[in-house]
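What follows is calculated from the coordinates using simple rules that are stated; it is not laboratory data. What you are looking at is a predicted structure, and each value in this text was computed from that prediction instead of being measured. Methodologically, a virtual Cβ is constructed for each residue, glycine included, from the backbone with ideal geometry; neighbour enumeration extends over all protein chains shown.
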Amino acid sequence: NHHQQRQSGSAPEPNPLGSQSLSTRKELYERDFPVYKQPVEVGSFSLDGERRFFNDARQMRYYEEPERSPNFDLRDGYKDRFIKRDDSVKEKLDHILRWIIANRTKCSSSATTASSRALDADFVTWRGHLTKLLTTPYETREGWLLAATMFRGTLYISEVETEASRRDRENRTARHEEMMYWGYKFEQYTCADEVHSLPDPSGVVNTNEAFCTVVQTRLADHRLLFSGEVDCRDKDPNAPAAPACYVELKTSAEICTPKQRSNFHRFKLLKWWAQSFLPGVPRVIAGFRDHEGVVVSLETFHISKISHLIKNEFNCWKPTVCMNFCCDFLSFAKHVVTEDNPSVVYLFTWEPHRDVTYSIHRDSPYSFLPRWYIEEMTS
Ligand code: A3P
Ligand code: MG
Ligand code: MG
């Protein structure tokens with residue numbers, strides 16, 4: 001009942017306009033860095049311990065610099081003080097759409113509300129989906145599926161879980177399950193709920209809770225509106241305005257050998273850079289932990305310095321390749337997605353060592369714009 005079209009095969013290079021596929025070979029994207037406007041925060045929202053949406057910053061947390069060399073036990077509370085978000089529930093773009101409806105005046109087209117374009121953006125998506133696009137030219141393990149729908153002139157992009165990713169999610173080892181908790185436990189050791197309070201490591205870690213920033217920016221000629229989860233902010237009231245006051249927290253295995261350092265630069269810093277560069281979060285504070293999950297040292301990484309840090313690495317990633325690929329993917333999507341219809345999904349598919357291809361699905365289970373959103377935006 002739904003029309004499908006798939007074109008595959010190797011694309012002639014460089015990607016000619018009108019091509020049915022998009023190459024992900026990094027050599028094709030080694031051009032000048034594209035224009036990427038300083039991201040501007042246009043709002044924020046919170047999700048509470050039951051994953052309920054609030055159009056405010058109630059879940060914002062404040063970074064507290066540890067007094068002395070840390071000794072955080074990340075395993076503490078895993079068994080008895082942990083409420084885990086159900087990651088089989090797919091929320092798609094729903095929280096962002098709720099934010100848009102609650103803040104329509106902030107994002108509606110300046111020209112006129114009567115125009116066919118309802119939003120002042122070419123693309124609406126999650127930051128995490130853009131992070132996946134940025135890292136694609138260097139990814140050798142995990143493919144992705146991105147569903148795109150055009151509605152009133154704006155392209156909405158929402159991820160679809162791949163079969164492989166679902167299998168991995170359903171077959172995690174007990175060790176892996178526990179290690180996924182460690183990152184959140186580190187946040188609890190270093191974040192306070194109020195400006196003048198202290199972190200409370202005796203509390204419950206609930207991964208339903210989130211504070212999300214909504215930013216507007218432009219990549220070349222693509223106007224973007226996206227949201228991303230933010231771990232905490234600088235508690236200094238004189239810190240610069242958001243997103244410059246935000247801090248991303250990470251944990252990573254202690255680095256003991258040159259090989260480990262090289263892998264950290266080549267793989268982990270790529271992910272960290274892509275995630276924070278997009279929303280304009282200036283720094284990552286990393287907790288390095290041993291194999292028993294004890295954080296033994298902290299280190300700050302300034303996003304603007306990461307590209308220099310990795311320059312001596314052989315065969316390393318380049319920020320310009322990431323941004324140019326993302327830019328070209330968005331151009332490709334604009335070219336492919338022609339029908340303005342919330343029940344039509346263009347499903348972009350990528351597997352490592354392949355080109356990006358797509359298929360078209362009408363009134364299928366891939367449709368992701370909810371009726372309440374369509375009705376609100378058409379009235
Ligand atoms: P670490 O990255 O410090 O291990 P984020 O860093 O993006 O704020 O995410 C917080 C934590 O969520 C991560 O902390 C990790 O524990 C967990 N997490 C995030 N993305 C994940 C993924 N794709 N798979 C498994 N765990 C993930
Ligand atoms: Mg986070
Ligand atoms: Mg983090």
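The aspartates and glutamates within cross-link reach of LYS334, meaning a Cα-to-Cα straight distance under 13 Å and a gap of 8 or more places when in the same chain, are ASP122, ASP221.
Counted by neighbouring Cβ atoms within 10 Å, the residues LYS311, LYS106 run from fewest to most as LYS311, LYS106. Taking other Cβ atoms within 10 Å as a rough exposure proxy, THR173, THR136, THR207 sort from fewest to most as THR173, THR207, THR136.
Karplus-derived 3J(HN,Hα) values for the range 80-92, using 6.51 cos²θ - 1.76 cosθ + 1.60 with θ = phi - 60°, are 10, 9, 9, 10, 9, 4, 7, 7, 8, 7, 9, 8, 6 Hz; glycine and proline are entered as x. Computed 3J(HN,Hα) for the range 281-287, one whole-Hz value per residue from the Karplus formula 6.51 cos²θ - 1.76 cosθ + 1.60 where θ = phi - 60°, is 7, x, 9, 10, 10, 9, x, glycine and proline marked x. Pairs with C-alpha atoms separated by more than 18 Å, drawn from the list LYS84/LYS185; LYS235/LYS268; LYS132/LYS271; LYS106/LYS235; LYS26/LYS250; LYS185/LYS305, are LYS235/LYS268; LYS106/LYS235; LYS26/LYS250; LYS185/LYS305. Considering helices alone, the calculated mean residue ellipticity of the chain at 222 nm is -7000 deg cm²/dmol, with DSSP H runs of length four and up weighted by -39500 (n - 2.57) and normalised per residue.
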